[in-house]
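J.: Before anything else, here's the structure in question.
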Amino acid sequence: MRKQQRERFQALRSRELREPLTETEQQELDTLIRVIEEEEAVYLRPANERIREETRHIEEQNAAIRNLLAREQKLTLHLQQVLEEATREREAIKTELTQILNSQHMTSGAGK
C-alpha cells in the first residue's frame, strides 16, 4: 500500500469513529480495507504454509503415537494374561509339591 493510500485509510478510519461516512467514502474505505487484507494475505502466505506443514507433521506424529499407545495397551493386556497364567502355574506347582511332601512325610512317618 502506498503512503498516500495509508494516509487516506487513516483519515477515513478517524472520520468514521467521529461521524458516519458518506456512501462514497465508505466504499473507498471498503476498497482500502480489501487492499490491506490482500497485502496481508500475500505477506502471511509463507507463514501460513509453514503452520499448515507443522500442523500436518504434528497430526502424523499424533497418529503414530496413538498407534504406539494401542500397541502398548495390547502388550500390557497380554503381559497381565501371561502373569495370571504364570501365577496359576506357580500355585499348581506349589500345591503339587506340598502334596508330594505331605505324602512322603506320611509314608515315612507311618513306617516308624
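J.: Taking the Cα centre as origin and putting +1 on Lys and Arg beta-carbons and -1 on Asp and Glu beta-carbons, what dipole magnitude results for the range 49-108, to the nearest 20 debye?
T.: Dipole size: approximately 40 debye.
J.: Can you compute the helix-only [θ] at 222 nm over the chain? Use -39500 (n - 2.57) per DSSP H run of at least 4 residues, normalise by all residues, nearest 500 deg cm²/dmol.
T.: Helix-only estimate at 222 nm: -35000 deg cm²/dmol.
J.: Among Thr98, Phe9, Ala86, pick out the residue whose Cα is farthest towards the positive end of the charge dipole of the chain, where Lys and Arg carry +1 and Asp and Glu carry -1 on C-beta, about the Cα centre.
T.: It is Thr98.
J.: Stretched out fully, how many nm does the piece from Leu44 to His57 gain, at 0.36 nm a residue minus the Cα gap?
T.: In short, 2.7 nm is gained.
J.: On a 0 to 90° scale, report how tilted helix 3-18 is relative to the longest principal axis of the chain, with both axes built from alpha carbons and the result rounded to the nearest 10.
T.: 90
J.: So, with +1 on the Cβ of K and R and -1 on the Cβ of D and E, and no other charges, what is the size of the charge dipole of the chain about its Cα centre, to the nearest 20 debye?
T.: So the dipole magnitude of the chain works out to roughly 580 debye.
J.: For the chain, what value does the Rg/Rh ratio take when both radii are computed over Cα atoms and Rh is the Kirkwood radius, given to two decimals?
T.: For the chain, the value is 1.79.
J.: Of all alpha-carbon pairs in the range 9-48, indicate the percentage at a distance above 12 angstrom.
T.: 62
J.: Can you tell me the 0 to 90 degree angle between the C-alpha axis of helix 23-110 and the longest principal axis of the chain, rounded to 10?
T.: 0
Computed from the coordinates by the stated procedures, all read-outs in this text should not be read as laboratory data. What you see is a predicted model; the values in this text were computed from it and never measured. Heads up, the Cβs are rebuilt from the backbone with ideal geometry, glycines too, and the neighbour counts pull from every protein chain shown.
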